[in-house]
Every structure is written in C-alpha cells, then in structure tokens.
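Any read-out appearing in this document is the output of simple, stated calculations on the displayed coordinates, not a laboratory observation. On a predicted model such as this, the values are computed, not experimentally measured, just so you know. FYI the Cβ positions are ideal-geometry reconstructions off the backbone, even for glycines, and counts take in every protein chain you see.
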C-alpha cells in the first residue's frame, strides 16, 4: 500500500473522530493547521490540501498529490507518530482516554499491520499517552467520588431519555435489584431533587471508601450493562458516548483502572465468542504449548457443533494467533442467534473441554478462565445463561 492511501485514510479517520466530538469544520481546521506546522520538518506534507468545508458524499475534503508516494516510508511513519501525539495533546480534554483507540478502530483491520511496517503502533501511542497522563494524575479519587460521579452521569443520561421522575425510579429499581449481589450499592442513594431543594441527586456513604476498588468496578460494570440493555437500540456506542461526555478523563481512566470495560456494551456475540475461545486457549497454553491448546479447543468445537451448528463458523489461524484475538474468525454472522442458545453453546464448549482434558485441566481451570476472560465479558456470558459455578461444581467432584 502506498503513502497516499495510508496517510489519506489516517487523516480522514482523525477528522472523523474529532468531528464526532466537536464539529467537522473544527476538525478540518485543527488537522490542517497541525499538518501545516509539521510541513517545515516533513516537506512532503506540502502535497496535502485539506479544504475548509463539510464532508459530503461527492466532495473529499482531503486532497493528496501522488508525489507524496516518493517520500521515504520510514519518514512517513515518523511523521504519523508525531501527528497523532500532537493532535491528541492539542485536543486536550476533548481527546479523552479513548481518542487514539477510536482513530485506530476507524481504520480498516489490515492497516494495523501495514502501519507497524513503518513503525507506527497505535497501541503503543495510546499506552504512551496513558503513562504521561497517569504521571500527572496527582489527586486520589476515592470510591465515593467514583460512585457519585458515575451515578450522576447516569442520572443525567436517563433524565434526558426518560424525564426526571422516571429516571429516579429506574435507577432506584436497578440499585435495589443488584444490592444483594453487590453490597456496595446499598450505600448509594438517588435523591428526588424536586422534593428537596438544593439536594445533590446522588448520595454515597463514606464507608464505601473501605471497599476494594475491584468490587466497585464489578458493581459499576453490571449497572452499565443493565442500563445499556434498557436503552435497547439507543444503547451500544451511543450510550458509551454519553458516558464519556458526562465523565472527564480522570474518571474514565479510573474506571478502566478498576476493571470497567465500556467496549463490551457495544459488542455482539461474535466478539464475545472470540474472547471466550481466546481465554480458553490462553489458559491451556499456561500448562502446555500454544499449538496443543489450539488443537484441544478445535477438537471440542468439532464435537460441540453437532448440537450447535453455528460453531462450525469458528476458524483459528494458528500462524497469526500471537497477534491477537483477530486470529480467531467467525465466517458467518452469529449475532442473530438467540441469547439462550448462544449461552448453552458456550456452557457446553467449556464443559466438554474440561472433561476432555481430565486431570490435565487442573482443579482451578474455571478460576483461571475467569481471570483471563475478565469481569466485563463474564457478566456478558452470564447474561446469556452461562453458569460457570455449575461447571466448577462438576469439576470439583472429579478432583
């Protein structure tokens, strides 16, 4: 792929991501200004012209002359790295924690590998940004702060969708519903601001500061996923954007730190199944070779697909497996499968794998699987009806 294609797509993706957060005109202005400033260092940027007008189907605001293909690809990579760093800093708090990740995800899948050939690694750029921000993360956010700000954000989001009275009622119902499972929710109160003048919409008991942060994260993850389901078609990426708009970077970073995964809210079954398969392979790889682990999982998929034919669409690329879960592909859309059916297939898959391994699985296989999969995905598969506790009980009877 030549320079004109690579750079053109990165610029358009950057404008698109900034435009969603601000406006298209602002996005084109900030990108055009930054590229102009970089032109003194990278002369090949003189071949780029960004028009000051909105995106239209018939008009491309980014024009690049073919002469840019003569530029050294490695030099192009250096420029892209500097461009991403500077654009993120210039956006300030408007960039937010997921800014670089959103630009990466807007690019076609094959671009990640192409960019790495010219030393551009979006994962590294994001980690670099996180590390710099973390070093300036001077003040401590306590559990009371996390819960209060999260529930105030949810209150504002739901107020807009359902009105004040309904939003108060719905939040109280959800908190009550899960307060037994997540004790920390017993210390969160949603106040009726219309009944008591000047009261804060959310109150949190100070004793929650003694609670382990991981427990706070689990409770918040569950609440997010329940409200996202309640929103239906208005959920997913739109709900995620509303959360980001209502919480600043520091709180978004803190949520990530305590295990809250917003991306799960927009995921279909395909991503969930991929992560389940990857977690199973990774757990098995701890005590054997990766190739053996993949073979074991493939054999169990082959057996399980007799009852759940859609599992035959799962393919594992052994050569590319080290790259990421992208090495696991699902050849047909499975998002239309009924949730209970998908849950039963996952349950059967895990159950059969443990039985096939026998003593080799180890007594703590399920716990290691939980750790690998992560809390957000665990909640997702539990919603589908997967009962890991039942599998664990069966496993304990064997040992």
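Things worth noting here:
- Peptide ranges 379-386, 44-51, 64-71, 278-285 listed from the most packed, as the mean C-beta count within 10 angstrom indicates: 278-285, 379-386, 44-51, 64-71
- Descending by average beta-carbon neighbour count within 10 Å, the peptides 338-344, 216-222 line up as 216-222, 338-344, the highest first.
- Note on 85, 165, 9: ascending count of other Cβ atoms within 10 Å places them as 165, 85, 9, the fewest first.
- Hydrodynamic radius of the range 3-135 per Kirkwood, over alpha carbon pairs, in Å: 15.0 Å
- The chain: most fluctuating residue of 228, 261, 166 per GNM, C-alpha cutoff 10 Å: 166
- When 87, 223 are sorted by how many other C-beta atoms sit within 10 angstrom of their C-beta, beginning with the fewest, the order is 87, 223.
- Working note: 222 nm ellipticity from helices only, DSSP H runs with n ≥ 4, each -39,500 (n - 2.57), summed and divided by the residues of the chain, gives -19000 deg cm²/dmol to the nearest 500.
- The Stokes-Einstein estimate for the range 269-398, based on a Kirkwood radius over Cα pairs and taken at 20 °C with 1.002 mPa s viscosity, is a diffusion coefficient of 146 µm²/s.
- Given their separation in residues at 0.36 nm each and the Cα-Cα distance between them, residue 67 and residue 383 gain 108.4 nm when the chain is fully extended.
- Average Cα contact separation per residue, the chain, under 8 Å, 6 or more apart, as relative contact order %: 11 percent
- Cα→Cβ-extended label distance, 7 Å offset, between residue 189 and residue 85, nm: 5.0 nm
- Convex hull of the range 143-265 built on C-alpha atoms - directionally averaged projected area, nm²: 7.1 nm²
- Cα centroid separation, the range 60-85 to the range 225-274: 33 Å.
- Comparing 156, 299, 248 in a Gaussian network model of the chain where C-alpha atoms under 10 Å apart are linked, the largest mean-square fluctuation is found at 299.
- Packing-based exposure ordering (other Cβ within 10 Å, fewest first) of 348, 291: 291, 348
- Note that the range 1-81, at 20 °C in a medium of 1.002 mPa s, gets a Stokes-Einstein diffusion coefficient of 166 µm²/s from its Kirkwood radius over C-alpha pairs.
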